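Beneath this line is the structure, given in structure tokens, with notes to follow.
The values are calculated or read from the model by the stated rules, or taken from the named source; none is laboratory data. Note that the structure is a prediction, hence the values are computed from the model and not measured. Note that we place each Cβ from the backbone using ideal geometry, even for glycine, and neighbour counts take in every protein chain shown. To get the accessible areas, we keep the full protein, side chains included, count just its heavy atoms, and leave off ligands, DNA and RNA. Shrake-Rupley method; radii C 1.70, N 1.55, O 1.52, S 1.80 Å.
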Amino acid sequence: MDCIVYPTSGLRGSISLAGDKSLSHRALLLAAMAEGTSKIENFLLAGVTQPMLNAMDQFEVKWELAGKTLVVHGKGMGSWRDAERVIDCGNSATTIRLLAGAMAANHCAGILDGSEGLRRRPMDRIVEPMQKMGINIHSTEGHAPLTLQPTKSRIRGIEYELPVASAQVKTCLILSALTADRPSTFIEPGPSRDHTERMLSGMGAQIMSDVIEGNGTKKFRVQVAPLKRPLKPISMHLPSDISSAAFFIVAGLITPGSEIIINNIGLNPTRAGLLEVLQKMNGIIATENITEQSGETMGDLIVNSSSLQATDVNGDVVVRMIDEFPILGIAAAFAEGETVVTQAEELRYKESDRIAMLCQELSNVGVDVTELNDGFRIRGQRRVRGGDVDAHGDHRLAMAFMVAGLAAENPIRVRGAEVVQESLPEFIPLMRSLGAEIICME
Ligand code: S3P
């Protein structure tokens, strides 16, 4: 599907977005490991979460979805049946990496695979430490398909330092450690999202997080004790996804005459890096009605059009906004001055090589951009010419360039825009409800 987005004068209105993707994955998976019935409200049903739901059928975990309310009937650790058919994880790296850890903890056998795109993503980052824990897991030359067989002996608790900060790897290892023979320690170079630790603590697991400081460096440590009693079921209304809100926030900032209210967004500090960066760029973003539920903070965002200034992005904030670089690139193009992103090489291992593809497509719409090994430089001129771009099968690139079309000098056509279904099926109707003019054709 191609979508053409036309320049618009002012976006106005109040919107509510689907539930957070990371929290939806974790709530479903942990509820399936708990003993008892869990109720998860505002669950995200989209391309990325469907494979995890489908996998539950293979493990014979019962669930029902009514609207956005998901009920999961967990029977406790070790109750999952082996998967008889290959588990198709689609395009979802969260599904494959988290499921691997959960299957290991449940002593459950199966083969995990996915799309061509997923097969390109690195899996050695979970397989190597899992093998150190004595888990019988094998990859196909560092990639999916992954094969898991239960081991006769118990999983070994280990101390392991992750070479890159990754919440997917950390979560996979935390889950594996839940049925290990002794406590485990995992150390990361950056503060990756901590939803798993918060949710598991609320379910009765013993997880401790702290920061180790020394020699001018900071490391982020998680200690996991093996479960002594069954996980308690979850009852939670999930906040809406800040990574989805990011597109509406930047749309409001760059489109003159806009005021947008975005309700009930997750504001966990390990996810909210983009807000800090946009505020540093002079973005007018207010937060209101802050509440907390099950260890997660949420609140409403009020966004007004702003004259953005360039900034540098590096260090800790990179991992706290790891999914937001495509839309940051658009904000930087509409800012004044040079924005420099560094220490963000991980972006090359996402749904696409987000450094290369973002730079290529920004330059296709007339933006002055230079690709760096670990980031990019954008010389923003407060305007973007417009033109044609390709989504490269990456939902966040598709949405970022559709947002750019709202404030460009000429329309922007996004090829392959159907990929927005992966994480935010309501993206186009919600944008239209704010006044955006978008025409799509098959
Ligand atoms: C996620 C972690 C991040 C992020 C992804 C979701 C998660 O990936 O990019 O969209 O839910 O744990 P990495 O762990 O690979 O950084």
The condition of being of a type in the set (S, T, N, Q) and surrounded by 21 or more Cβ atoms within 10 Å (Cβ to Cβ) holds, among 171, 185, only for 171
Out of all the residues in segment 105-126, which are open to solvent by 10 Å² or more (accessible area, probe 1.4 Å) and either closer than 23 Å to residue 186 by Cα or charged (D, E, K, R) (or both)?
107, 113, 116, 119, 120, 121, 122, 124, 125
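This table checks each residue for (1) without any contact (Cβ under 8 Å) to a residue 12 or more places away in the chain; (2) closer than 20 Å to residue 434 by Cβ.
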| site | (1), (2) |
| --- | --- |
| 297 | no, no |
| 300 | no, yes |
| 319 | no, no |
| 327 | no, yes |
| 334 | no, yes |
| 349 | no, no |
| 353 | yes, no |
Is it the case that some residue within segment 3-17 is more than 30 Å from residue 408 (Cα to Cα) and surrounded by 22 or more Cβ atoms within 10 Å (Cβ to Cβ)?
no
Inter-residue pairs, beta-carbon under 6 Å, first assigned to a strand (DSSP E or B) and in segment 1-25, second within 16 Å of the ligand (Cβ to nearest atom) and among the acidic types (Asp, Glu), 6+ apart
none
Look at residue 40 and say whether it is part of a strand (DSSP E or B), within 16 Å of the ligand (Cβ to nearest atom) and in contact (Cβ under 8 Å) with a residue 24 or more places away in the chain.
yes
Determine if segment 20-42 includes at least one residue that is touching a Phe, Trp or Tyr at 6+ places or on another chain (Cβ under 9 Å), open to solvent by 40 Å² or more (accessible area, probe 1.4 Å) and not small (Gly, Ala, Ser).
no
Among the residues listed as 66, 46, 55, the single one being among the aliphatic types (A, V, I, L, M), surrounded by 15 or more Cβ atoms within 10 Å (Cβ to Cβ) and out of contact with any strand residue (DSSP E or B) (no Cβ under 8 Å at 6 or more places or on another chain):
46
Given segment 64-179, what helices (runs of 4 or more DSSP H) lie entirely inside it while holding 2 or more residues that are assigned by TED's automatic domain parsing to the domain that holds residue 27 and among the hydroxyl-bearing types (Ser, Thr, Tyr)?
93-105, 167-177
Is it the case that segment 221-238 has a residue that's under 27 Å from residue 402 (Cβ atoms) and at pLDDT 95 or above?
yes
Being in the same structural domain as residue 99 (by TED's automatic domain parsing), of a type in the set (S, T, N, Q) and crowded, with 17+ Cβ neighbours inside 10 Å, is that true of even one residue in segment 204-222?
no
What is the number of the single condition among (1) within 13 Å of the ligand (Cβ to nearest atom); (2) among the small types (Gly, Ala, Ser); (3) open to solvent by 20 Å² or more (accessible area, probe 1.4 Å) that residue 101 does not meet?
(3)
Leading residue by the ranking (farthest from the chain's Cα centre (by Cα)) among those in segment 64-118 that are under 26 Å from residue 18 (Cβ atoms) and basic (Lys, Arg):
68
Consider only pairs whose beta carbons are under 6 Å apart and that are at least six residues apart or on different chains; among these, list those whose first residue lies in segment 186-206 and is of a type in the set (A, V, I, L, M, F, W, C) and whose second residue is in a helix (DSSP H, G or I).
186/170; 186/173; 199/26; 199/30
Could you give every pair whose Cβ atoms fall below 8 Å, whose first residue belongs to segment 128-139 and is more than 17 Å from residue 99 (Cβ to Cβ), and whose second residue is charged (D, E, K, R) and open to solvent by 50 Å² or more (accessible area, probe 1.4 Å), counting only separations of at least 6 or pairs across chains?
132/156; 134/154; 134/156
If you check residue 178 against the conditions, is it within 18 Å of residue 27 (Cα to Cα), touching a Pro at 6+ places or on another chain (Cβ under 7 Å), among the hydrophobic types (A, V, I, L, M, F, W, C) and open to solvent by less than 20 Å² (accessible area, probe 1.4 Å)?
yes
